[in-house]
Every structure is written in C-alpha cells, then in structure tokens.
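Everything on this sheet refers to the single structure shown next.
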Amino acid sequence: MKNVAGLSGHQPTTAPVAGQPASATDLSTRDRVTRLLLERGATTAAQLGDALGLSPAAIRRHLDAMLADGDVVAREQAVRGSRGRGRPAKVFELTDAARGRCGTHHYDNMATAALRWIARNGGSDAVEAFATEQVAALEARCRAAMEDAGDDPLARAEALAGALTDEGYAANASTIASGGQLCQHHCPVAHVAAEFPQLCEAETTVISRLVGTHVQRLATIAHGDGVCTTHIPTQPRMSGKTVTTVRTDR
C-alpha cells in the first residue's frame, strides 16, 4: 500500500481496536486525546482530530476504544437557537474514573477523614482555617508567576490560568460579553471538596485576590459539574478587601 500521508496532510496513525491490546503508539495518542479532553472539556470528534492531526476515521477508532474501556462518555452537543437539518454532533467527555487518573487523588480517604476529625473537634471555623492555610502556598506561587501581568483583571486572569495549569489544574481564561471567565478542567481535591466546600471557597477567595476584583463561582467539579467556572466582571483592580461570591445552591 502506498504511503498517502503526504496527500492527506496527516501522519499515519494506527488506532486501537476495542478488545485488543493497545500498542505504545496507540497509548501515546490516547494520552494526547485524554489530555485534550481534560483541557477543553466536552469536544467533538472533528475538533479532536483537527487539534491532533488525525483523520476522522482514526480519531473515531480511538474514541470507540476509550468508550469501550469506560474512559469517555458521548452525548449530543447542545445547540442554541434554531437547529439545522440532521442530528447534532456528538461531544465526548472524560468519565470521573479517567479524570481521576489524570491527577493526584491519592490519600483522598485519609484527607477526608482528617477533615471530618477537624470538623468534629473544631467546628466549621477550624475547617475554614485549614482550607485557607492549604491554599496560601498556591496563592504565593501563582502571584509570583503573575508579576508581569499588569492590573487589568482579564489580563491577570489569563496569567493566572497559565499559573494554575502549571499546578495541574488544566486552566484557561476567555473573554465573554460580561467580562472574563476562568475555567479549571481538573481539580486535585475534587473528591474531598465534594464534602468540604470550604476548600472551594478558599480557592475562590484566592482567585479574587489574584485577579484583583470580586468573582463569582458558577460551577465546580466538586459539585458534579464538568469544569470549575469562575466569572470575572470587568472592573478596575481593587486595592482593599476583595469580595467573592460562591455558588451555594447545591
């Protein structure tokens, strides 16, 4: 068979077949797919193929194998406004099990037990103090990484996204009509924060201080959302006390 890679613009890729052992090349490509899904959240097969330089057939074979192994789930893409003819495209997302393997979830049970002990013996204020202390080091590292970001909250949010990505949060920032949006596609403490939201609240306070304006947490992985989403309104950087709004309707 002739090599047609030059004609298609893609490098030849052998995708895994469900039920058969995956080669080292397959696993490498699968890691790239997993990483991209972790960073972007729900993504179509076409978007994944374009980003990774894979043909539609190749990316579908990889996704089929990941579906069979329980690493991804597929659902119809939500369409706003009037929908054209044909069925909506499917989007693919990592399962909780696959997401858990992407980060450090070791010792979750011990961490949860420790926080339960703190809550029993010191109350909610003690848990809040513990959470605040835990994110202090993260805040210091992110602040150092943002030294050249300037005062604009949206520019600072973009710099913060880069700093958080280096910390393993797979974060990105974008501009929306009402300001900016910071998304974290991975949370190293999601399983613990599901029981102790003080961890999310402390992190939200840190985000507010680092971007220099009040923020509103719209969604969190700990509450079962696919991504931690923080809204950042367009306002001048504050010099005094920051105010944060944390979602509490769950």
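Any residue at all in the range 217-227 that's in a strand (DSSP E or B) and not basic (Lys, Arg)? Yes: the range 217-227 contains one or more residues that are in a strand (DSSP E or B) and not basic (Lys, Arg). Please go through the range 228-245 and give me each residue that is in a strand (DSSP E or B), surrounded by fewer than 18 Cβ atoms within 10 Å (Cβ to Cβ) and at pLDDT below 85, ordered by number. Scanning the range 228-245 gives a single hit, 245.
Being modelled with pLDDT of 90 or more and over 22 Å from the mean Cα position of the chain (by Cα) is a property that holds for residue 55. Does at least one position in the range 141-157 carry a residue that is of a type in the set (Lys, Arg), open to solvent by less than 50 Å² (accessible area, probe 1.4 Å) and either touching a residue at least 24 places away in the same chain (Cβ under 8 Å) or assigned to a helix (DSSP H, G or I) (or both)? Looking through the range 141-157, at least one residue is of a type in the set (Lys, Arg), open to solvent by less than 50 Å² (accessible area, probe 1.4 Å) and either touching a residue at least 24 places away in the same chain (Cβ under 8 Å) or assigned to a helix (DSSP H, G or I) (or both). Looking across the range 177-186, the residues that are touching a residue at least 24 places away in the same chain (Cβ under 8 Å) and open to solvent by 10 Å² or more (accessible area, probe 1.4 Å) come down to 178, 181, 183, 185. Annotation: of all residues in the range 32-71 being in a helix (DSSP H, G or I) and of a type in the set (S, T, N, Q), the one that is least open to solvent (accessible area, probe 1.4 Å) is 34.
Does any residue of the range 115-124 turn out to be open to solvent by less than 40 Å² (accessible area, probe 1.4 Å), at pLDDT 80 or above, more than 30 Å from residue 59 (Cβ to Cβ) and not aliphatic (A, V, I, L, M)? So far as the range 115-124 goes, yes, one or more of its residues are open to solvent by less than 40 Å² (accessible area, probe 1.4 Å), at pLDDT 80 or above, more than 30 Å from residue 59 (Cβ to Cβ) and not aliphatic (A, V, I, L, M).
The values are calculated or read from the model by the stated rules, or taken from the named source; none is laboratory data. The structure displayed is predicted, hence computed values, not measured ones. For neighbour counting, all protein chains shown are included, and Cβ atoms are generated from backbone atoms with ideal geometry for every residue, glycine included. Please note that ligands, DNA and RNA were not included when accessible areas were found on the heavy atoms of the full protein model with its side chains. Shrake-Rupley method; radii C 1.70, N 1.55, O 1.52, S 1.80 Å.
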